[in-house]
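The values are calculated or read from the model by the stated rules, or taken from the named source; none is laboratory data. This one's a predicted model, so the numbers in the text were calculated from it and none came from an experiment. We place every Cβ from the backbone using ideal geometry, glycine too, and count neighbours over all the protein chains shown. Accessible surface areas use protein heavy atoms only, side chains included; no ligands, DNA or RNA. Shrake-Rupley method; radii C 1.70, N 1.55, O 1.52, S 1.80 Å.
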Amino acid sequence: MAPSSSSGLTFKLHPLVMLNISDHFTRVKTQLNPPSSSCAPGNIPAAVGATFPQNFRVYGCVIGAQRGRTVEIFNSFELVFDPTTDSLDGAFLEKKQELYQKVFPGFYVLGWYSTGSEANESDMHIHKALMDINESPVYVLLNPAINHAQKDLPVTIYESEFHVIDGIPQSIFVDASYTIETVEAERISVDHVAHLKPSDGGSAATQLAAHLTGIHSAIKMLNSRIRVLFQYLVAMQKGDIPCDDSLLRQAASLLRSLPAAHSEKFNDNFLMVSNALPFSSYVP
């Protein structure tokens, strides 16, 4: 077990980071070991070998912000690992960092992540390479192995410290304590995923598709009814149909019942979503 950190930093980890790492690992694992139904000739990518590497790992960067002694890890992005040199693709990392900086100017690369049961010696080489970006990077390690007896989250955050071992000063990984920090959107998403269970023989993906289809149908119906009301009001304004004061009062009352559309909180959330939308065009 690694010694505990003595830096005094407070780490806050958002669930989105854990979901991203888990999703990254699951996708790569599925690509390397596709289901038997998709293993027909021509369906397997050329890069996929015949055998599945049991100790494969995925790599990426974690981003967030540091305020004083508090380090908050908000998000992450994937990186390309070159097994021939046991290093990360520096050009790819630089490009991704530049793109994320455009979308999230307040976030910075805080460190990196990987998967595995524990940190090993080769991880320190990657850790030191990240020091060119952040002089004190953090290392988030997620253990993908399923352990039903484990009650704690399978996530460990490491810092690096200089310790004198056998008279030789060297960098080692030390455990850093952390807490889980969530915003409202993350709590809703995580709660929905946690309660999404198969029923009637259907899979969780089928349930999610049905749920999204229902939402789409409801929005489509709402849009059609708003369109009818709008066309009616336009015709009334042009004088094509008689003016109905009762209907106008109901429409005015309906609009006044939506104060969120004119609140400062709504404007802030709307701008945040609008600024995040161009991200899809930045990321290759």
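Pairs with C-alpha atoms separated by more than 30 Å, drawn from the list 95/220; 128/151; 29/128; 29/95, are 95/220; 128/151.
Would you please give the FRET efficiency between residue 146 and residue 222, computed as 1/(1 + (r/R0)^6) with r the Cβ-Cβ distance and R0 = 30 Å, to the nearest 0.05? Computed FRET efficiency for residue 146 and residue 222 comes out at 0.10.
If the segment from residue 183 to residue 125 were pulled out straight at 0.36 nm per residue, it would be longer than the present Cα-Cα gap by 17.5 nm.
Computed over the alpha carbons of the stretch 149-189, Rg followed by Dmax gives 16.6, 52 Å. Ordering of 72-82, 238-248, 109-119 by packing is 109-119, 72-82, 238-248, highest average first (other Cβ atoms within 10 Å, averaged per residue). The length gained by stretching the chain between residue 275 and residue 97 to full extension, at 0.36 nm per residue less their Cα-Cα distance, is 62.4 nm. Could you tell me what percent of the accessible area of the stretch 76-128 is made up of carbon and sulfur, with a 1.4 Å probe and every protein chain present? Heavy-atom surface of the stretch 76-128 belonging to carbon and sulfur, 1.4 Å probe: 52 percent.
Residue 7 contributes an accessible area of around 40 Å² to the protein surface, as traced by a 1.4 Å probe with all chains present. If R0 is taken as 22 Å, the Cβ-Cβ distance between residue 231 and residue 253 corresponds to a FRET efficiency of 0.65. Annotation: peptides 98-108, 215-225, ranked by per-residue average of other Cβ atoms within 10 Å with the highest first, follow the order 98-108, 215-225.
Estimated at 0.36 nm per residue, the fully extended path between residue 133 and residue 108 surpasses their Cα-Cα distance by 8.1 nm.
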